[in-house]
There are 4 protein chains.
Amino acid sequence: MIVEMGKGATRQQVDHVVKRAHALGFEVQLNLGTEKTVVAILGSDTGKTATDVFAVLPGVESVSRVMKPYKLASREFHPQNTIVNVNGIKIGGQKLVIMAGPCAVENEHQLMETARAVQGLGASIIRGGAYKPRTSPFSFQGLEKKALKMLATVKSELGIPIITEVVDIQNIEIIAKHADILQVGSRNMQNFALLKELAKMRHPIMLKRGYAATIKEWLTAADYLLAEGNQQVILCERGIRTFEDSVRFSMDISSIGVIKRFSHLPVVVDPSHAAGHFAYVPTIARAAIAAGADGLLIEVHLNPEEALVDGLQSLNIPNFERLMAELKPIAKAVGRSI
Amino acid sequence: MIVEMGKGATRQQVDHVVKRAHALGFEVQLNLGTEKTVVAILGSDTGKTATDVFAVLPGVESVSRVMKPYKLASREFHPQNTIVNVNGIKIGGQKLVIMAGPCAVENEHQLMETARAVQGLGASIIRGGAYKPRTSPFSFQGLEKKALKMLATVKSELGIPIITEVVDIQNIEIIAKHADILQVGSRNMQNFALLKELAKMRHPIMLKRGYAATIKEWLTAADYLLAEGNQQVILCERGIRTFEDSVRFSMDISSIGVIKRFSHLPVVVDPSHAAGHFAYVPTIARAAIAAGADGLLIEVHLNPEEALVDGLQSLNIPNFERLMAELKPIAKAVGRSI
Amino acid sequence: MIVEMGKGATRQQVDHVVKRAHALGFEVQLNLGTEKTVVAILGSDTGKTATDVFAVLPGVESVSRVMKPYKLASREFHPQNTIVNVNGIKIGGQKLVIMAGPCAVENEHQLMETARAVQGLGASIIRGGAYKPRTSPFSFQGLEKKALKMLATVKSELGIPIITEVVDIQNIEIIAKHADILQVGSRNMQNFALLKELAKMRHPIMLKRGYAATIKEWLTAADYLLAEGNQQVILCERGIRTFEDSVRFSMDISSIGVIKRFSHLPVVVDPSHAAGHFAYVPTIARAAIAAGADGLLIEVHLNPEEALVDGLQSLNIPNFERLMAELKPIAKAVGRSI
Amino acid sequence: MIVEMGKGATRQQVDHVVKRAHALGFEVQLNLGTEKTVVAILGSDTGKTATDVFAVLPGVESVSRVMKPYKLASREFHPQNTIVNVNGIKIGGQKLVIMAGPCAVENEHQLMETARAVQGLGASIIRGGAYKPRTSPFSFQGLEKKALKMLATVKSELGIPIITEVVDIQNIEIIAKHADILQVGSRNMQNFALLKELAKMRHPIMLKRGYAATIKEWLTAADYLLAEGNQQVILCERGIRTFEDSVRFSMDISSIGVIKRFSHLPVVVDPSHAAGHFAYVPTIARAAIAAGADGLLIEVHLNPEEALVDGLQSLNIPNFERLMAELKPIAKAVGRSI
């Protein structure tokens, strides 16, 4: 950490900073500039200490970090890429993983038909919401346990893994019985109570980025999972909130490059929630693959016009088929396969 | 809802929209413009229907809401101001309510001394975190049950109500035993599972705005609480995330005017979390009172330099005293008292 | 336009709205709902009228647009794609256009060597800043006329078109003598005085998106150019400002899809200014091509370590060569060529 | 500046950084940590050097500033408050300055009547747009020279100073003949060519914050004016763009505290452009005074329903009168007068 003293800071105030650093077990190097004094706080654990600890001291003007606030998710800590293994399907390897299915499980027929169709077109994991976090209390909230059973049927009949969202601690156990990947939604990225309990299940976990979270906060949230000893973490970029209103969220495409540079975790993209409209799903999906994402999470509905949730952002089967055909050559162009 | 058809939309596509509206029990009025057809969907419950239901239909270009997505929190539904009563202390009335105390409860001495001091200076509710949602898993996470006991001691000794945050469903009951107001933090504003369970407790609930939530989403989240029959809801504005980096969050001061116009719920301001630095707390606190907020939630620490959490944004007692002196004439100037 | 009256609006207030609409030459259709009255204002020119005209009337709660605020840039007005022709090089056609070169022209050697290198690697237009809009008055402001001469030399020696930025009206003429494409920078997107004068020159104009402009505002700014009769307009997406701080600006990749849907103008991407760091330029460039952009504007420097401006975001020649090799198969995968 | 080397940086790479710093005339202090090397670059002029100069060197992971990028606008450089004197009216002193008038000058009667009314109610400077930067080319663009004459008439008849906006270099001279304060609009905050020319006029200049500019960028833009030797600079906060859509821009109220801490320049607030709706103007105006702003810039129209520009955000005379009555006791409460 770098502590910048204000212009008129006294020697006593500088000493105070130095003492505090020593008390925390850090080394200190003083830089007595002509105009300002700068104190470098050194040690491998400074990333775990809040900058406030120094910023609050008298005479200090600002404090900036050198060490990142996350550790376990960083490439410095773990240089090789992590590959998550879901019943033999590898996320983060050469082959891209397509997870597809309805936003919400609505009934057995809808789910099974959609699953069969997307599996036939190249999806290797089925998504489907059982418990739905809805903005309005008057909206459809999901079929809950009934949906889990339908997902289990799909899994056993089609031999394909299942991903579904966990929205509270109470339902972790029942969901973990049926699902192969536990999904943490955008609104729960910093629901730390949930993260700690989830990590204990040893299932692969997909951590969606909070729609207003920085990449640093996202990787620090991943540290909650990794700190519990669960290494099976998949990141999912799903767009961030900006002033642009032609889409629901703005896909932060450069985050793929940033994640690949600073973290070892695999990262997939959800073009459906970012776009909010099926017309833009292919644009984002193609860009994601070209940017280097390890897979996609796509909403597909037999008949989007009749969808109970998020129909506008769902692809129908022919549109999904067209998209898969578009993605294959792009994957090949970046040295991957689908 | 207003459905705008695309330029080349066919009569059949327009009819499709009309049929869908009728099936949902709405009235329809057609506007056949020279260039575009516009369909008005009318009925008192359109606010509860997602715009996607129509946006997904072929030929539709865009759908915009006329009814707001929230209902119970709206002034249209409930024209008079709601006043929340916490053991005789009224939030939303003529008298402003100051809630103050440490970010986190650290020990009995610290809490009691701070409480005594702020009560003596005009605070009528004590805040103190027992369960802390921290960005990093390596940070101090709160004293939990021990902190609740210390808060209970303060309450019985000083005869002052307590507000503390609930971070997950499992702890609602124990917290509800000791606290007078249950606080929902910014990161949990859309933790709907938590909201539903909380509302059942019949305690007053303070709902902090998500730092990237629109006012509409905030009031819609309040509907989750109100829909369970709990009318004791206090809103708390605590700043939103923007590109400006000189403060932790940007206080959205005009939200006070928007809330007062469209909702009947009382709204208080948390200048501490917005500022992120004690130097800016008075600026925001003064502005909040002048803007029309019903109270403040302020972090105060006996010795911010030694605080375990958020010391930088905490006022020490002399600074709190100075602020209270500044606020009194402003309150008077806007026809309120402290 | 759709005018929503407040709940208690009187018949007289509704009539007032209707009269105002008639006075402006619009048709009106009334929707007398059970709870609220909605007035649809119809006519092909409503896009040119501010919503304020109605929002300000007593009893009105809100006004929303159906017609877009831009007209000439819209696909509704001009259904076929516009292809801009720069001395035989077509922007917006099947072949992607790569514009490359230094951020600022520094000297003749640097410019000529860079131009030769990037031309040899597939660039068909040379970029180079002569007049630089710098955030700080203490930074290098460009070589101005000297730079224009150097650009002219490159043009005549290598037979390749030149693009350079115009930062004020006074220099339009001299720049227009030497440059083939006149570039409007992000900070000038809404410098309407500049836009009007520029449009008179009949050169192709590249309009960069303001870093905090919505797509609607961007296309409306393009209308300023088109309204002067200049149809040679190229859009350039260069990232928007968000709370994410790992890059300088967040590339708004879905804007490519939105532009292609609602406008006929070609759109290129500037990955260098968005990234702010050479490490992320390839991520964004690959994504842009896959998303459907018509070309790229890339900063290349012989020796970024010695660059006077923006060295960090510049590719050196080997990195540019590597990127071009990466882009070719992606272009092919989306049915384009480089 | 603090240069953080990457984990595996070689001694040679560190030396390269040191040499570059020495070449630029800076002192260097090395911090050889156990995990990472940190190089402190010291000297009073580091604020004028781009961080890129070091960030681009091999082995460097990140570079952060200690010195601010602006200098002349900083309180470190000029500790006492600057008070701008406009024909005897002082901006930045104990007395608050209210500038009021129509968004655009529409005709002589409207302007004179409005000016007379607001002067009578306490305004000491008249605002009125002659040249209007409008988002759409189809909107009213201002009366230009005719408006300037009308403003001059108001000035001579009422003996009150005039503020009006300059949108391009060509009109500086004619505007400077008639206006007392030259206003730079939000969209031109970084129109550096304009700033440099304006500063030569020696008139007081009001620099509006760009709606997506950070405070640092704003103060750095002020440095363009101050560097030309013009010390008569007034800052104007007018709201920033965020995701919140209930107002046109979000008033960044804490910026008042930040400006007062780090700069010596006076700062006024424009509640009208931030709000976008007259209903929220009083909320923001009251908050601004309480926060410590030195004055307000308010749009007032005789009959907002008939306004050619921005009627929705204009107060009519009775509303302005009511607001002035509300502001007086708040001003007094913070030790100021109106």
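Computed quantities for the displayed model
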{"read-out": "Surface per residue (accessible, 1.4 Å probe) for segment A:180-295, Å²", "value": "18"}
{"read-out": "Buried solvent-accessible surface, both chains (D, A), 1.4 Å probe, Å² to nearest 100", "value": "2300"}
{"read-out": "Chain D, rotation onto C, residue closest to that axis via Cβ, with its distance in Å", "value": "D:Ala212, 1"}
{"read-out": "Principal-axis tilt of helix C:281-291 within chain C, Cα atoms, nearest 10 degrees", "value": "50"}
{"read-out": "Shielding by partners, peptide D:73-83 (average Cβ within 10 angstrom, other chains)", "value": "1"}
{"read-out": "Neighbour-limited loop hits for trypsin sites (Lys or Arg not before Pro), segment B:185-230 (at most 15 other Cβ within 10 Å; DSSP other than H, G, I, E, B)", "value": "B:Lys200, B:Arg202"}
{"read-out": "Peptide ranges D:140-150, D:257-267 listed from the most packed, as the mean C-beta count within 10 angstrom indicates", "value": "D:257-267, D:140-150"}
{"read-out": "Solvent-accessible area, 1.4 Å probe, carbon plus sulfur percent, for the protein assembly as shown", "value": "50"}
{"read-out": "Cα extents of chain C along the three principal axes, largest first (Å)", "value": "75, 42, 39"}
{"read-out": "In Å², nearest 10: area of A:Glu306 left accessible to a 1.4 Å probe", "value": "100"}
{"read-out": "Those residues of segment B:303-338 for which accessible area with every protein chain present is at least 50 Å² below the isolated value (1.4 Å probe)", "value": "B:Glu305, B:Leu312, B:Ala333"}
{"read-out": "Å³ per residue enclosed by the Cα convex hull of segment B:18-175", "value": "220"}
{"read-out": "For segment C:84-333, share of DSSP beta bridges that run antiparallel, in % to the nearest 5", "value": "15"}
{"read-out": "Whole-Hz couplings from phi, Karplus 6.51/-1.76/1.60, listed for segment D:296-302; x for Gly and Pro", "value": "9, 10, 10, 8, 10, 9, 4"}
{"read-out": "Accessible area per residue in Å² at 1.4 Å probe, computed on segment B:2-64", "value": "41"}
{"read-out": "The protein assembly as shown - charge dipole about Cα centre, Lys and Arg +1 at Cβ, Asp and Glu -1, debye rounded to 20", "value": "0"}
{"read-out": "Hydrodynamic radius (Kirkwood) for the protein assembly as shown, which is based on Cα pairs only, to one decimal in Å", "value": "32.3"}
{"read-out": "Label geometry 7 Å along the beta-carbon vector: A:His109 inter-copy distances in nm", "value": "7.1, 7.2, 7.7"}
{"read-out": "Principal axes of segment B:79-147: Cα extent on each, largest first, Å", "value": "46, 30, 18"}
{"read-out": "Helix axis angle, B:11-23 relative to chain B longest principal axis, alpha carbon, degrees", "value": "50"}
{"read-out": "Estimated dipole of segment A:210-295 in Debye, rounded to 20 [Cβ of Lys and Arg +1, of Asp and Glu -1, Cα centre]", "value": "180"}
{"read-out": "Other-copy label distances relative to A:Lys95, 7 angstrom Cα-Cβ extension, nm", "value": "4.0, 7.0, 8.1"}
{"read-out": "Equivalent ellipsoid semi-axes - Cα gyration tensor, segment A:2-64, angstrom", "value": "18, 11, 10"}
{"read-out": "Inter-copy spacing of D:Arg261 label points, which lie 7 Å from Cα along Cα→Cβ, given in nm from shortest upward", "value": "2.9, 3.1, 4.3"}
{"read-out": "Debye equation applied to the C-alpha atoms of segment D:149-249, log10 I(q)/I(0) at 0.16, 0.20, 0.23 Å⁻¹", "value": "-0.69, -0.96, -1.14"}
{"read-out": "Candidates B:Val28, B:Val247, B:Val281, ranked by Gaussian network fluctuation over chain B, Cα under 10 Å, top entry", "value": "B:Val28"}
{"read-out": "C-alpha long axis of helix B:317-333 to longest principal axis of chain B, angle in °", "value": "50"}
{"read-out": "Peptide D:97-109, shielding by other chains (average Cβ, 10 Å cutoff)", "value": "0"}
{"read-out": "Expected 222 nm ellipticity per residue - DSSP helices of 4 or more, -39500 (n - 2.57), all of chain B, to 500", "value": "-10000 deg cm²/dmol"}
{"read-out": "Projected-area mean, segment D:203-338, by convex hull of Cα positions, square nanometres", "value": "8.9"}
{"read-out": "Per-residue ³J(HN,Hα) for segment D:223-236, Karplus 6.51 cos²θ - 1.76 cosθ + 1.60, θ = phi - 60°, Hz, x for Gly and Pro", "value": "4, 4, 6, 5, 5, 7, x, 8, 9, 8, 10, 10, 8, 9"}
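The values are calculated or read from the model by the stated rules, or taken from the named source; none is laboratory data. All of these numbers come straight from a predicted model, not from anything done at the bench. Glycine gets a Cβ as well: all are built from the backbone with ideal geometry, and neighbour counts include every protein chain shown. Calculation scope for accessible area: heavy atoms of the full protein, side chains included, ligands and nucleic acids excluded. Shrake-Rupley method; radii C 1.70, N 1.55, O 1.52, S 1.80 Å.
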